[in-house]
Structures are given as structure tokens and as C-alpha cells.
Amino acid sequence: MNKQLSLAGALVLASSSVFAQQQWQGYYLGFSGGFGFNPGDNGELEFRRVDGSDNSQAIDNAFGDNFEGKFNAGSLLGLQAGYDFQQGAYVYGVELSVNAADLSQEQSAFSATPATYIERREIDVLTTLTGRIGFASEHAFLPYIKAGVAHGDVDYSWEGNSGAFRGEADDDDGSGLGYTVGVGMEVRLNPSLTLAFEYQYVDLGAADFATNFSGEQSIGGSNGAFNAFGDAASGGTNAEGSDDDFDFQIVHTQLKYRF
């Protein structure tokens, strides 16, 4: 009798173990909502003469310390598709995520003319392809780490209102290719639905946009802008942000339907 009870108990434990090991494996589709931000150094606008001549003193005279960089935090809404494979307590997965984003970064300078110069880069679509590894607990929790490739559709724009010097106001569409790393916790709600809470860091690489100042508008060569930027014959001056990498952080929640 004792042997029979022991055998029955072993079978129950084995079946429970098998269920725990299989509960994360399979395909899934997901929907996510989150928030992107960057509290770190966002650089400032820099001006460099095309001919290589030194314009640092003229820049100091015209702008002083009136330089600024900021990241405009915003929302992300995404769709995901993925597959998880479970081996014992370890879960290995791959996921494709496509997100509509509303994030931007500005690097600006303000002169005593007065005049404003702003370079801006914005991302409206963020796509990531990541792999992950997690550890399945017995209580429907799956902590994990992830890493992979990130691609962003980036719009670049230039804004200036100088009456003393003419810059080339321009817009351009580009892309940034980089990487992402993250950590998360996924919770099983029922056999088909799970909820994940995730933090990601994204770096889209050196996605910068240089603007060339190409000539005077109406005031002669003695004005401050001329001294700072040079004339068209010298090639003028390139303006670009000191923060090359377009990077930011994301926190989001993801609801998944598992097949």
C-alpha cells in the first residue's frame, strides 16, 4: 500500500513538473504600450568652419553659454510576434516588435543677435528583433534578459530664424541601426494570456544631421554671424549636435496571447 501511495505521489509530482516545464513554450502575439525617455546628457549644437579655421572666439562672443540639449519623452505603441522554447526551467525565445513612436531630441544654440538655431531628430517607427533567456518559476513568473538589433525610422530637421545670416533650412528622412538590451518579468494570467513588464535601452548609433550655413543674407562682413560662420567662399560653417548617438530608454507593458 505504501509503495502504491509513493508511486502515485511520484506520478503527480512528475506531471506537475512536466506542466511547469511546458507552460511557456509556443508561439504568441502581443500588444504593448510604453514610454520612452532619456534623462542623461543630450549634447549641444556645435559650429565648425568647413575650411578648418578657428572660429571659437567668435562663437563665444555670439553665443556665450546659450547652448542646450534636450530629449522630448513620448509614447510607444507596438505589436509583437514571437516563439519561446523551454528546456527544463530555462526558456529561450525570439521576438519581432514593431512600434509607433513619438520621441525626439533637440540640440540648440541661441545667439545675441537674437537668433535661434535648432537641429532636431525624431523617431516615428522603432523595430526590434531580440532573443531572450528566462528562468521559469513554479509560480507562473518568468524573469528574463534580452538583447538584439534595433532599427528606427528617423526624421531630421533644421530650424533657424537668424536675420543676419542665412542657413539652409532642410528636412531629411533617414534611419538608425543599432542595438537594444533589456530585462523583464512575465506573469501568466491564465493558460492563454500573459502580462510582461519590461525595461529596454536602445541605441540607434550615430544618427546625426549636419546643416551648412552658406552665406550672408543682408548685413555686411562685420556682423557677428559673419565672424562666427564665415562667408560662402570659405565653405561656410557646419552645424551639428555634439551627441552623436541617438539613444533612449523604454519602460512598457505587454499583453500576450499564447497559442
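Quick note: the coordinates plus some simple rules give every number you see, no bench work behind them. Computed from a predicted structure; not experimentally measured. Every residue, glycine as well, gets a Cβ built from its backbone with ideal geometry; the counts of neighbours run over all protein chains shown.
Apply 1/(1 + (r/R0)^6) to the Cβ-Cβ distance of A73 and R48, taking R0 = 30 Å, and write down the FRET efficiency to the nearest 0.05. Here the calculated transfer efficiency is 0.50.
Provide the net charge surrounding A73, with neighbours chosen by a C-beta distance below 14 Å and charges set as Lys +1, Arg +1, Asp -1, Glu -1. Net of charged neighbours comes to -3.
The protection proxy used here, the mean number of other Cβ atoms lying within 10 Å of each residue, ranks peptides 134-141, 88-95 as follows, highest first: 88-95, 134-141. Descending by average beta-carbon neighbour count within 10 Å, the peptides 117-126, 148-157 line up as 117-126, 148-157, the highest first.
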